[in-house]
2 protein chains.
Amino acid sequence: MGKRRRADSDSDSDDDTTTTRLPFKNRLKPDSVILSTLKTLSAATKSASTSKTLTLTDLSLSSTCREVTDLPLSSVQNRILTLALNLTKSILAGNGFSFSVPSRAATNQLYVPELDRIVLKDKSSVRPYASVSTVRKTTITTRILSLIHQLSLKNIHVTKRDLFYTDVKLFQDQTQSDAVLDDVSCILGCTRSSLNVVAAEKGVVVGRLVFSDNGDMIDCTKMGIGGKAIPPNIDRVGDMSSDALFILLVEKDAAYMRLAEDRFYNRFPCIIVTAKGQPDVATRLFLRKMKMELKLPVLALVDSDPYGLKILSVYGCGSKNMSYDSANLTTPDIKWLGIRPSDLDKYKIPEQCRLPMTEQDIKTGKDLLEEDFVKKNPGWVEELSLMVKSKQKAEIQALSTFGFQYLSEVYLPLKLQQQDWL
Amino acid sequence: MGKRRRADSDSDSDDDTTTTRLPFKNRLKPDSVILSTLKTLSAATKSASTSKTLTLTDLSLSSTCREVTDLPLSSVQNRILTLALNLTKSILAGNGFSFSVPSRAATNQLYVPELDRIVLKDKSSVRPYASVSTVRKTTITTRILSLIHQLSLKNIHVTKRDLFYTDVKLFQDQTQSDAVLDDVSCILGCTRSSLNVVAAEKGVVVGRLVFSDNGDMIDCTKMGIGGKAIPPNIDRVGDMSSDALFILLVEKDAAYMRLAEDRFYNRFPCIIVTAKGQPDVATRLFLRKMKMELKLPVLALVDSDPYGLKILSVYGCGSKNMSYDSANLTTPDIKWLGIRPSDLDKYKIPEQCRLPMTEQDIKTGKDLLEEDFVKKNPGWVEELSLMVKSKQKAEIQALSTFGFQYLSEVYLPLKLQQQDWL
């Protein structure tokens, strides 16, 4: 409670810093009331999660759609060996050397409302060695397969850049080895992390979470303000446990720092995670793992602009260019907590703290309105339409106009109290 | 040793992955030999560090040069109050309201070879309220001073962005509040971190280091592969202890991951730190604190291109636009370990793994050759000249051409064994 009282006096002294009074501060109920609200939400999520999540098979789409799965290294090795064996047989049988490569083109993608994510359909193309147009790509595919096989034998992780440099002469530029790496992922039917190829880490996590990183137990309540860097290789993350009531997904660094310094997670038990902008694969995998193992509700705090919603959607429904892996990369049922376009007036954000949307912003907003994952959520459509109509956007930081701690002391608590998420 | 043996077999199997044999692997002596080399280096650094580091006063430059220092919050408050008092007196005395603002222009900057860093000279300009040209800036300066005063009373940290949003109407755009923030830093003679204004965190650290982050003890050998995110506010970092023999400063993420996964710091006791590209203030402050408190040698692993050396120089001598704070932001005596232009031939990096320098690269390289901090190190001049002459650059990742672990298993150990740093 000491913390709380200090916090209060902070917000009060904020009044001096701003001519505006703090909107809605007086509406805040005691934390106990807000906490019971959160317990209800958390309980609801847990029971919902127990009901088996739908799969392509449940929708009898498994024959017409394709998905990759996480595989142990041994299975990856087996699949590569089997593939090599079949290729040899085909050659011996006089049918030559060719790969059957699943198409990752947009025309082969499908948004499945029941799953609320984008999946890959089953179209494939043949990549024969005996053809001038495909001989290089076939060679690259074979090379990548052998490199992946070595990685799995050693069980070490590398980046796409490392992979590229192992044979620059053949790959010529990284876009070629990257593209084929995704092909190989589809051919073998396993995720890129199963191939031990990882992306550079970017995200950080802090709050009521304990997990193991490569065998080291990490307590994220004891990570100071900096927090714990999210490991690049999810397969070495495990033993997750938590007494949090929800996961707070934050778009930006600055907001994360504010909440970490105020130890917001001690006032309202939660796990705070951010990818510092565009979601990277490591953070998306980490968020999904938390959601699946801890069965916690996920509330998103993003800028009130089209990109904020786009980022939310990447976490939720996946990105198009990795749709073949959407099952493993996406976190279902993320709630849009704020900053929502309707918050701008509701919280009396001063005109000077709002930014005019550029033509590009407006176009992106309109495009989003056409996306299935937005359409399926009437609340989101309403908010997004309001944004495009008002042509105004605002960053999370805009709340600082009411004092630096308005976010952690008033805005978020009130949002939680009012269950004001979509 | 088990680790070591596994590592060996790894590198051997690397031979299969590349047509090239592993250059110099056979030259590696037992780790014990390399370790004794490192102990000598570490001991030398410790004794050197005991000799007091030069200051402007020692060079009797304190009257003609200006530097800011880290101040406790109470002192910051006092300086602001004193300033306000003097302003009031000046107004009452009929001399009006004006600030004396140190000039941060390039013409007011000076590279001091004895200190090996850029410092600010003592030129100042008057910023009167009673002048159309400066009235806005004087108002902004006053506003920032009052905001900083509030931060110091609450002892919370905020970002420049937060600061901007507290009064968008006045500041109009962030460049204006940012610029004045630096002015205020110079006016008060204290560092930006003393003002509790922090930059977004970017860096990570792993290895033989224990420190406290806001009261939580962090053991960086128990941070898995992800490592510990470097805290944005250095003033909450303390209690550093370590049994490392050196600090390995890495430019890029991918190389950091490789070394973290191979637990390089267990084979050769060290602390591995990276800012993932351009050095941010938080990482620079953290590196300096490690160097100063642990008295360890710092070895830098950067790309072999002009930007690699530029990054090294920012850590070592500071950036021009923050020269007034170079004393606190810079880490003296950083050694250039690699990847050095001469390494490209020495380590037989295949032609395809080298990249041609662009016109811009070459220009940047030539400009660097004119910089004092490069000139004062003949070895650096030689290497940089070679780069500009050969017009070739290479990334750290280029070593992957000899196998993914060539960096940690051969290149770095040999560099250390041969004391091959400049």
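List of remarks:
- To the nearest ten degrees, helix B:174-188 and the longest principal axis of the Cα atoms of chain B are 80 degrees apart.
- CD proxy at 222 nm, helix term only [per DSSP H run n ≥ 4: -39500 (n - 2.57); per residue of the protein assembly as shown; nearest 500]: -13000 deg cm²/dmol
- Inter-part distance where the range A:18-97 and the range B:380-422 are each reduced to a Cα centre, Å: 41
- FRET efficiency for the B:Gln419 to B:Gln278 pair, using the beta carbon distance and R₀ = 25 Å, is estimated at 0.30.
- Think of the range B:199-418 as having a plus end and a minus end, set by charges on the Cβ of Lys, Arg, Asp and Glu; of B:Pro332, B:Gly227, B:Gln392, B:Gln392 sits farthest toward the positive end of this dipole.
- Separation of alpha-carbon centers, the range B:165-213 and the range A:316-364, rounded to whole Å: 28
- Pairs exceeding a 19 Å alpha-carbon distance, out of A:Lys348/B:Lys160; A:Lys363/A:Lys389; A:Lys202/A:Lys376; A:Lys169/B:Lys348; A:Lys363/B:Lys160; B:Lys310/B:Lys376: A:Lys348/B:Lys160; A:Lys202/A:Lys376; A:Lys363/B:Lys160.
- The mean number of Cβ atoms from other chains found within 10 Å of a Cβ in peptide A:144-153 is 2, as a whole number.
- Cα-centred dipole magnitude for the protein assembly as shown, charges only on beta-carbon of K, R (+1) and D, E (-1), debye, nearest 20: 220
- Cut-off 17 Å, label 7 Å out along Cα→Cβ of B:Arg21, residues of the range B:335-352 by amide N: B:346-350
- Put simply, when A:130-137, B:249-256 are sorted by average Cβ atoms within 10 angstrom per residue, most first, you get B:249-256, A:130-137.
- Residues whose amide H falls under 5 Å from that of B:Lys393, counting only those 5 or more places apart or on a different chain, are B:Leu355, B:Met357, with hydrogens built in the peptide plane.
- Dipole magnitude for the range B:128-252: computed about the Cα centre from +1 point charges on Lys and Arg Cβ and -1 point charges on Asp and Glu Cβ, it is near 320 debye.
- Amide H contacts under 5 Å for A:Ser124, placed H, 5+ residues apart: A:Ser103
- Estimated dipole of the range A:87-131 in Debye, rounded to 20 [Cβ of Lys and Arg +1, of Asp and Glu -1, Cα centre]: 180
- Here is how far apart the B:Asp70 label points are across copies: 4.1 nm, shortest first, using a point 7 Å from Cα toward Cβ.
- Whole-Å distance, taken between Cα centres, linking the range A:289-309 and the range B:252-291: 30
- Average partner coverage of B:392-402, which counts Cβ from other chains inside 10 Å: 4
- Distance to the B-onto-A rotation axis is smallest for one chain B Cβ; residue and value in angstrom are B:Ala229, 2.
- Annotation for A:Leu153, label-to-label distances across the other copies: 6.9 nm (shortest first, one decimal, point 7 Å from Cα along Cα→Cβ).
- Amide H contacts for B:Phe246 (H built 1.01 Å from N in the peptide plane; partners 5 or more residues away or on another chain; cut-off under 5 Å): B:Ile271.
- Degrees, to the nearest 10: A:2-17 long Cα axis against longest axis of chain A: 70
- Tensor-based shape of the range B:65-198 (alpha-carbon gyration tensor, a/c under 1.5 rounded, otherwise prolate or oblate): rounded
- Using alpha-carbon coordinates, inclination of helix B:281-294 to the longest axis of chain B, degrees: 70
- Using a simple spin-label model with pseudo-atoms 7 Å out from Cα toward Cβ, A:Lys320 and A:Asp31 lie 4.6 nm apart.
- Residue of A:Val204, A:Val180, A:Val126 that the Gaussian network model of chain A assigns the largest fluctuation, springs spanning Cα pairs under 10 Å: A:Val126
- Pairwise FRET efficiency - B:Asp216 versus B:Asn95, Cβ, R0 = 51 Å, nearest 0.05: 0.50
- Comparing B:Val210, B:Val33, B:Val314 in a Gaussian network model of chain B (Cα springs below 10 Å), the most mobile by mean-square fluctuation is B:Val33.
- Taking a ≥ b ≥ c as the square roots of the eigenvalues of the Cα gyration tensor, an a/c ratio of 1.5 or more together with a/b no larger than b/c marks the protein assembly as shown as oblate.
- Choice from B:Ser177, B:Ser241, B:Ser47 with maximal GNM fluctuation in chain B (Cα, 10 Å cutoff): B:Ser47
- Using a 7 Å projection from Cα along Cα-to-Cβ, the label point at B:Ala93 is separated from the same position in the remaining copies by 9.9 nm, smallest value first.
- Shape call, chain B: gyration tensor on alpha carbons, a/c limit 1.5: prolate
The numbers here are math on the coordinates, done by the rules we state, and not lab data. The shown structure was predicted, so the numbers you read here are calculated from the model rather than taken from an experiment. With ideal geometry, Cβ positions are generated from the backbone for all residues, glycine too; neighbour counts draw on all protein chains shown.
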